[in-house]
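Before any comments, here is the structure.
The values are calculated or read from the model by the stated rules, or taken from the named source; none is laboratory data. Computed from a predicted model, the values in this text were never measured in an experiment. Glycine gets a Cβ as well: all are built from the backbone with ideal geometry, and neighbour counts include every protein chain shown.
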Amino acid sequence: MRYAETGFNLEVDLTRGNIERIETDPRDTELYLGGLGTNAKILWDRVPPEVDAFSPENLLIFGTGLLCGTPATGCNRTIVSTISPQTKLMAFSMMGGYWAPELKYAGYDKVILRGKSPDLVYLWINNDKVEIRDASHLKGKGAIETAELIRQELKEPKAQVSAIGLAGENRVYYASVEQGRSSASRGGIGAVMGDKGVKAIAVRGTQDINIAQPAEFMELCYEVMDYIKWREDHPIQGVIPILAILGSPQEMAIHDEKWHTENFSWGNARLRRKGFWTEDVSDEWLETMNKARTRLISCYNCPIACGATISMPGLPTYMMKCFTKLTYTMAAMSNLDFGLTIAQRATEYGVDGYSAPQVMAFALELYENGILTDKDFPEMPADSEGRFFYLLDKIVRREGIGDVLANGTHWAAKEIGNGADAYAHNNIKKHEQLPLKLSMLNPIYFLMYCTGEKINITQIEGQFPQAPFPKREHREKFVKDWFQVPDDRFKQYFLDWEPRGENSNPYYPTVEMTCDIVDWQERMHYIDDALGMCAGLSSFHMKPPYHIHNYPKFISSGAGIEMDEDKLTQAARRYRTLIRAINIRRGMRRKDEKPPKDHWKKRFPELEKELLDGYYKFKGWNDEGIPTKASLHELGLDYVSEDLIQRGILTDGKDTSSKEVSVNEKTN
Ligand code: SF4
């Protein structure tokens, strides 16, 4: 019997219209857990590096986390993996909501799409009955509107629907998959879904999931719930409000946005708006939010309620995606009323709330600097808000300049030329980053940014505090009940971290300590992404309810796989390395692992080199960031080294790269 997972994937060949229910190998679950881990294994096995994002051979995998559908609080993530049209690397975007548990209850761990449908279709998964249905009547419809129309058409109000909007249909490189209460936005996975001709996947499931040791498992769940309650009454002192409590990231309940609005750089990631958060702005935002927010809502089986439904006058209600509350407002230098209004349209179109506003502000910067001209923007309104609506419409329709901008700032700058490159300045691995421009280099952030392969906010931060606390007594208090650390040495790292002087950024934490901290943070993110856990209850937060000490127990009693901390660490390393190998095979190298030039004002090239060298060594990668033959062997990944040797990427016997390769520099 299989526990926690169903043991079956749904394979859909869209070219032939063929659907199969395939039993999976339980040994893969032991080695790669589930969710992201087994998604990566499938992509490695079946999508060679010659396959482009928009090739029929590319796969689009909707994978549920291993513990999704069990009573584990906050475990509801769907991990959507494919090859990204924007980065040309593996994309693994995540969505919360209700979709993953529903798929498990329908009897499947993953839906794997391959090929391309000649006509627009949607999938209807109703327990054992699975159909490919015509979606021609849904062409051009909004993502949320589509979900509602499908529920009505199927007469199944409880169906969970993941859908794309116009942006996905038109293969915008930063198109998202929307799901009512969440979305998977990074990496342009919505564009791949559109390219495959799939408008939506609707799911209804009414079956059970087996738990290996139900009593032990429930005991662990109660402990987590008790801790969440305790944390509610005991917020962490001295950190910004969204980190003081749990949830990811509580933007909807919190009104004070002084920290975000004044500390990030807005527009095209250029303008730090010091002094923005006045009493008047605060009053105005509070009034707007109180009027617009209908209620606070949660994902499946989570008490945190960190999302909110938003109703703007004359517009359908939608769910606000955490940080999107700020990105449009601040990029357009406007007010919250505008931000909440345009976000409704952007959600229906299905675009990433980080990339889209930056791309639009980038276009306006090029216009202001004469690189783009009036000819590129026929009939564009004169006001900033009007221009953002205008550009959003052009982008999702790929009309005129919108067709160029739809590929994101990296590719658009290449196509526009004439110095536009200098304005595409906020990318890592060809993907728009957080509009965060800082002063002094922070070594932990530096490594998280450089080596992160998911490229979203929750995987840049982690369980270690973002900055030193000013007073030692405050730090002493913090470490007292910090039982989540994998080892007590992390407490000492933090205790000795000072805001100024010898033990401060950028030389403290030392290279060695930084590698250790980043490895811990990364490990937790990867475990979450395989189990399907929300980062807001685990890896994104300080002192979360899930950590390296209780996760093995959840896996043992839930999935029936004997697990301890070492085995779990080894499994996470295995699929983390496999993802790196997928990207290495696609041309990613050390030169791609650098934050934007202006990310920090004060840079330290020698130290940065040491940090990257140190981390590569720590991880068992060579100086190009390629996993060595020895480290692959240790993880049971000999099949990976054989492939890399055969391709001339690794040299047999030596752990150096023998071939210079570049990530594809052509648009699809
Ligand atoms: S913390 Fe927020 S985002 Fe995470 S599962 Fe709960 S409601 Fe969803």
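Here are some notes:
- Any pair with Cβ under 7 angstrom, 6 or more apart, that starts in the stretch 352-367 at a residue that is within 16 Å of ALA413 (Cβ to Cβ) and ends at one that is part of a helix (DSSP H, G or I) and among the polar types (S, T, N, Q): GLN358/THR409; VAL359/THR409; PHE362/THR409
- Applying a threshold of 7 Å to beta carbon distances and a minimum spacing of six or more residues, or different chains, the list of pairs starting in the stretch 53-64 at a residue that is assigned by TED's automatic domain parsing to the domain that holds VAL177 and ending at one that is crowded, with 16+ Cβ neighbours inside 10 Å and modelled with pLDDT under 95 reads ALA53/ASN668; PHE54/ASN668.
- LEU154, sole failed condition from (1) crowded, with 20+ Cβ neighbours inside 10 Å; (2) at pLDDT 95 or above: (1)
- Verdict on MET360 being hydrophobic (A, V, I, L, M, F, W, C) and within 16 Å of the ligand (Cβ to nearest atom): no
- On inspection, SER439 does not qualify as hydroxyl-bearing (Ser, Thr, Tyr) and part of a loop (DSSP other than H, G, I, E, B).
- Residue match in the stretch 225-247 (condition: without any contact (Cβ under 8 Å) to a residue 24 or more places away in the chain, within 16 Å of the ligand (Cβ to nearest atom), outside the structural domain of LYS601 (by TED's automatic domain parsing) and β-branched (Val, Ile, Thr)): yes
- Applying the set (1) acidic (Asp, Glu); (2) surrounded by 20 or more Cβ atoms within 10 Å (Cβ to Cβ); (3) away from the ligand (no atom under 13 Å from the Cβ) to ASP528 leaves exactly one unmet item: (3).
- Residue under evaluation SER265, criteria (1) within 15 Å of the ligand (Cβ to nearest atom); (2) touching a Lys or Arg at 6+ places or on another chain (Cβ under 9 Å), criterion not met: (1)
- For the stretch 489-536, the tally of residues that are among the polar types (S, T, N, Q), part of a loop (DSSP other than H, G, I, E, B) and touching a helix residue (DSSP H, G or I) at 6+ places or on another chain (Cβ under 9 Å) stands at 2.
- Only one entry of THR317, THR278, THR288 meets the criterion of being more than 16 Å from the ligand (Cβ to nearest atom), touching an Asp or Glu at 6+ places or on another chain (Cβ under 8 Å) and over 27 Å from ASN427 (Cα atoms), and that entry is THR288.
- Residue within the stretch 200-211 that is more than 16 Å from the ligand (Cβ to nearest atom), within 21 Å of the chain's Cα centre (by Cα), modelled with pLDDT of 95 or more and surrounded by 24 or more Cβ atoms within 10 Å (Cβ to Cβ) present: yes
- Of the numbered criteria (1) among the aromatic types (Phe, Trp, Tyr); (2) under 27 Å from THR261 (Cβ atoms); (3) in contact with a helix residue (DSSP H, G or I) (Cβ under 7 Å, 6 or more places away or on another chain), the one PHE377 fails is (2).
- Scanning the stretch 92-114 for residues that are away from the ligand (no atom under 16 Å from the Cβ) and at pLDDT below 95 yields a count of 1.
- Complete set of residues in the stretch 291-314 that are under 21 Å from the mean Cα position of the chain (by Cα) and either loosely packed, with under 14 Cβ neighbours inside 10 Å or more than 10 Å from the ligand (Cβ to nearest atom) (or both): ALA308
- If you go through the stretch 421-463 and keep only what is under 17 Å from PHE540 (Cβ atoms), among the aromatic types (Phe, Trp, Tyr) and in contact (Cβ under 8 Å) with a residue 60 or more places away in the chain, you end up with just TYR449.
- A single entry from THR78, THR82 fulfils the requirement of being within 16 Å of the ligand (Cβ to nearest atom), buried (at least 23 other Cβ atoms within 10 Å of the Cβ) and hydroxyl-bearing (Ser, Thr, Tyr): THR78.
- Any hit, the stretch 476-488, residues being touching a Cys at 6+ places or on another chain (Cβ under 7 Å) and either assigned to a loop (DSSP other than H, G, I, E, B) or away from the ligand (no atom under 16 Å from the Cβ) (or both): no
- Restricting the first member to the stretch 368-380 and to residues that are aliphatic (A, V, I, L, M), and the second to residues that are part of a loop (DSSP other than H, G, I, E, B), the beta-carbon pairs closer than 7 Å and six or more apart or on different chains are ILE371/ASN418; ILE371/GLY419.
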